[in-house]
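Worksheet: one structure, shown below.
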Amino acid sequence: QVRLVESGGGLVQAGGSLRLSCAASGLTFSRSAMGWFRQAPRQEREFVAAITWIGGRTPLTDSVKGRFTISRDNAKNTVYLQMNSLKPEDTAVYYCAADQSFRSIASAEASEYDYWGQGTQVTVSS
């Protein structure tokens, strides 16, 4: 029923930009905090960014501050991750997640999220 579908991943050169999208269905999107996480091979899933119901709070992990921006369009049930100045260490599968705690909290903890997308691959070449 609940579906989160990521798109926009691909292969880019270091210093380039990419915009990821996550289209949600089957949930109350406007009352779901949303997050982006990433996972490189043989590594733990890592928090990247999150956003509250209307975008009032947008925490980012330190390694992407100043380069990445998370945003949402509740009319389109879509959350975005704009990634600029990409580095090879950004290479990972990026996952979209939805938190239906019905609190306007943008958590950095993966365990707080209820639904996950299948992921989209981002590869940054040197």
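Data for the structure
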{"read-out": "Residues within region 34-48 that are open to solvent by 10 Å² or more (accessible area, probe 1.4 Å) and within 13 Å of residue 109 (Cβ to Cβ), tallied", "value": "4"}
{"read-out": "From the options 16, 10, 55, residue that is at pLDDT below 95 and either open to solvent by less than 60 Å² (accessible area, probe 1.4 Å) or under 17 Å from residue 112 (Cβ atoms) (or both)", "value": "55"}
{"read-out": "Residue check for residue 31: open to solvent by 30 Å² or more (accessible area, probe 1.4 Å) and under 26 Å from residue 103 (Cβ atoms)", "value": "yes"}
{"read-out": "Boolean, residue 42 is charged (D, E, K, R) and touching a residue at least 24 places away in the same chain (Cβ under 8 Å)", "value": "no"}
{"read-out": "Tabulated pairs, region 95-118, first over 13 Å from residue 38 (Cβ atoms) and modelled with pLDDT of 95 or more, second open to solvent by 40 Å² or more (accessible area, probe 1.4 Å) and among the aromatic types (Phe, Trp, Tyr), C-beta under 7 angstrom, 6+ apart or interchain", "value": "98/115"}
{"read-out": "Residue list for region 98-126, restricted to those being open to solvent by less than 20 Å² (accessible area, probe 1.4 Å) and either in contact with a Cys (Cβ under 6 Å, 6 or more places away or on another chain) or aliphatic (A, V, I, L, M) (or both)", "value": "98, 106, 117, 122, 124"}
{"read-out": "Qualifying strands (runs of 3 or more DSSP E) (wholly inside region 1-117; at least 1 residues being under 12 Å from the mean Cα position of the chain (by Cα))", "value": "3-7, 18-25, 33-39, 46-51, 68-73, 78-83, 92-99"}
{"read-out": "Residue within region 79-97 that is surrounded by 14 or more Cβ atoms within 10 Å (Cβ to Cβ) and touching an Asp or Glu at 6+ places or on another chain (Cβ under 6 Å) present", "value": "yes"}
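The values are calculated or read from the model by the stated rules, or taken from the named source; none is laboratory data. Not measured: the values here are computed from a predicted model. So basically every Cβ, Gly included, is an ideal-geometry build from the backbone, and we count neighbours across all protein chains shown. Just so you know, the surface numbers come from the protein's heavy atoms only, side chains and all, with ligands and any DNA or RNA stripped out. Shrake-Rupley method; radii C 1.70, N 1.55, O 1.52, S 1.80 Å.
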